[in-house]
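**Q** My questions all concern the structure below.
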Amino acid sequence: MAEIQSLILLSTLFFLSVYLLRSILSRTAAKSTALRLPPSPPSLPLIGHLHLLSPALYSSFRLLSDRYGPILYLRLGASRCLVVSSAPIAAEIFKTHDVLFASRPTLAFADKLYYGKLGFVLAPYGDYWRFMKKVCVTELLSPRQLERSQNVRREEIRRFLSRIAGHSRLKETVDIGAELMRLTNNTTCRMLMNTTCSEEKNEAERIRYLVKEAMEVITKICFGDVLGPLKNLGFLVYGKRALDVGRSCDELMEKILKEHELKGKMESNEHKDFMDILLDIQQEQHAAAINLTRTHIKAFIWDLFVAGTDTSSVAMQWAMAELISHPEVLKRVRKEIESVVGESGRLVEEEDIPKLPYLQAVVKETLRLYPSGPVTIRECRQSCKIGGYDVPQKTSVAVNLFAIMRDPQVWSEPNEFRPERFLASSSKQERIETNTGQSFDFIPFGGGRRACPGATLALSMINTTMAALVQCFDWKVVGEGGGEEEAKVDMQPGQGLTLGMAKPLLLVPTLLFDPFGASI
């Protein structure tokens, strides 16, 4: 991330004279208004508060909020941003004024990329976004569809366990984060595009690589987006790479789309996947609320890949790290699984999860400490008041989920891994049974109408996978020198849009329970 910080510093100095003039004009205009803005740290004449931020935005925002309060105002060059770090104020945004904050800021480079704002994540709030969310919730994430896709998840988890068991027999080191990303990607691939995305064609591997590349380059460009009149500079530096990745994504999506169209003409579609459903909607435009193009379909599918691949795998990696760092918790989870599965000699299944409250508490505590998206960004569509302060139209609002779920005024020992706080006997658990919007102390998937619609699916996948990993394997940490003795997990978080681990989690698995017998 040093190159990003250097980019910001050099670009600011290079355009000093232009930026100074704009800053003076902006300040003159600001003085003519009588807005009651939230507290703000001291700023520099040209860059505002940019010097106070690091690529780990959630950490920078938390440090500023600890000093200046739960709602503060930052000037990022010519842009303005509100930072929210408390549950009551988040409730005003996600509940009281949900519609006013239902859009995301328009990124400077969005129109230059292949899919731009045609996807689901960056689309402005309106008819198109509402229609696509409805399709996602009713067709992909409905209880009926989730039940249908249960076999896909079961098969992919078993394939994943089989690979880990193979490494165990050979006493090989496993990059568990990479394997978990492979699992979530393959599962998402099959749920969205069924048999077309196959291992034989290497499409799942290709998608996994492109998702990783896309996340890296978008992260770098996003930091250039805060440079006010220089916001296009990030795209000038990283634009070629972004376009190359976008072109590769589009070529792959187009290939898969054509295969689906051909399949639809030659076969009866008794078991339609999500791409088939979108193609049906496109062909029945008279019944659709919007004009769905093939670019819309490709962009929507790609957004679901990005959302479904990285976030769940990151959460499971953190859960593994915490379990290994707390062996007493690991033993308790294993004992709970044994009490449910018994001596049947079977693998723990998705249907067993409701009977495993401590496992669920472990997953919730992991998501509390390490939300995959630590900061969620919204934009004020209309001037309003939040926390008693004025919020001008077009102001970006960064809700720091990381800080909210580690607030010492809400959580006792907020930085400690304590799954017990989520058990039924806990008064805290009574308030946060599920992310219903009634309590905003626990919001790992965001809040309001723009919250992650796949939260139920993600929790099911994380819980089932973690249960299987605990039931089937014991784990040893590989030290920096390659040895296993006395090695500890490096719990340092990384930097970027998602809250991943700074270093790969390298483990040596020991097979405890073999649900496949000699067939592996």
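The values are calculated or read from the model by the stated rules, or taken from the named source; none is laboratory data. The structure presented is a predicted model; accordingly, all values stated were derived computationally and were not measured. Heads up, the Cβs are rebuilt from the backbone with ideal geometry, glycines too, and the neighbour counts pull from every protein chain shown.
**Q** Grab the helices (runs of 4 or more DSSP H) fully contained in the range 85-197, keeping just those with 3 or more residues being among the β-branched types (Val, Ile, Thr).
**A** 150-169, 176-193
**Q** Answer yes or no: is there a residue in the range 125-145 that is closer than 15 Å to Val348 by Cβ and either at pLDDT 90 or above or surrounded by 18 or more Cβ atoms within 10 Å (Cβ to Cβ) (or both).
**A** Within the range 125-145, none of the residues are closer than 15 Å to Val348 by Cβ and either at pLDDT 90 or above or surrounded by 18 or more Cβ atoms within 10 Å (Cβ to Cβ) (or both).
**Q** Identify, by number, the condition in (1) at pLDDT below 95; (2) surrounded by 17 or more Cβ atoms within 10 Å (Cβ to Cβ) that Ala319 doesn't meet.
**A** (1)
**Q** Restricting to the range 125-182, name every residue that is among the small types (Gly, Ala, Ser) and farther than 21 Å from Phe274 by Cβ.
**A** Gly126, Ser162, Ala165, Gly166, Ser168, Gly177, Ala178
**Q** Right, something else. Just one of (1) farther than 16 Å from Ile89 by Cβ; (2) small (Gly, Ala, Ser); (3) modelled with pLDDT of 95 or more trips up Ala403, so point out which.
**A** Failing condition for Ala403: (1).
**Q** If you take the residues in the range 214-246 that are outside any helix (DSSP H, G or I) and buried (at least 22 other Cβ atoms within 10 Å of the Cβ), which one is modelled with the highest pLDDT?
**A** Among those residues, the one meeting the criterion is Asp225.
**Q** Being part of a helix (DSSP H, G or I) and in contact with a helix residue (DSSP H, G or I) (Cβ under 8 Å, 6 or more places away or on another chain) is the filter here, so list the residues in the range 451-467 that pass it.
**A** Selection gives Thr456, Leu457, Ala458, Leu459, Ser460, Met461, Ile462, Asn463, Thr464, Thr465, Met466, Ala467.
**Q** For the range 364-406, how many residues are more than 17 Å from Ala451 (Cα to Cα) and of a type in the set (Gly, Ala, Ser)?
**A** Of the residues in the range 364-406, 4 are more than 17 Å from Ala451 (Cα to Cα) and of a type in the set (Gly, Ala, Ser).
**Q** Could you go through the range 364-378 and let me know if any residue there is hydrophobic (A, V, I, L, M, F, W, C) and without any contact (Cβ under 8 Å) to a residue 60 or more places away in the chain.
**A** yes
**Q** To continue, here is another question. Provide a single number: the residues in the range 322-381 that are small (Gly, Ala, Ser), surrounded by 19 or more Cβ atoms within 10 Å (Cβ to Cβ) and in a helix (DSSP H, G or I).
**A** 1
**Q** Being under 17 Å from Ser313 (Cα atoms) and modelled with pLDDT under 95 narrows it down to one of Gly437, Gly448, Gly483, Gly494, so name that one.
**A** Testing whether each residue is under 17 Å from Ser313 (Cα atoms) and modelled with pLDDT under 95 leaves just Gly494.
**Q** Asp280 - would you say it is among the acidic types (Asp, Glu), farther than 30 Å from Glu416 by Cα, at pLDDT 75 or above and not in a loop (DSSP other than H, G, I, E, B)?
**A** yes
**Q** Quick one: Leu76 ticks every box in (1) modelled with pLDDT of 90 or more; (2) in contact with a His (Cβ under 9 Å, 6 or more places away or on another chain); (3) of a type in the set (A, V, I, L, M, F, W, C) except a single one, so which number is it?
**A** Of everything listed in (1) modelled with pLDDT of 90 or more; (2) in contact with a His (Cβ under 9 Å, 6 or more places away or on another chain); (3) of a type in the set (A, V, I, L, M, F, W, C), Leu76 misses just condition (1).
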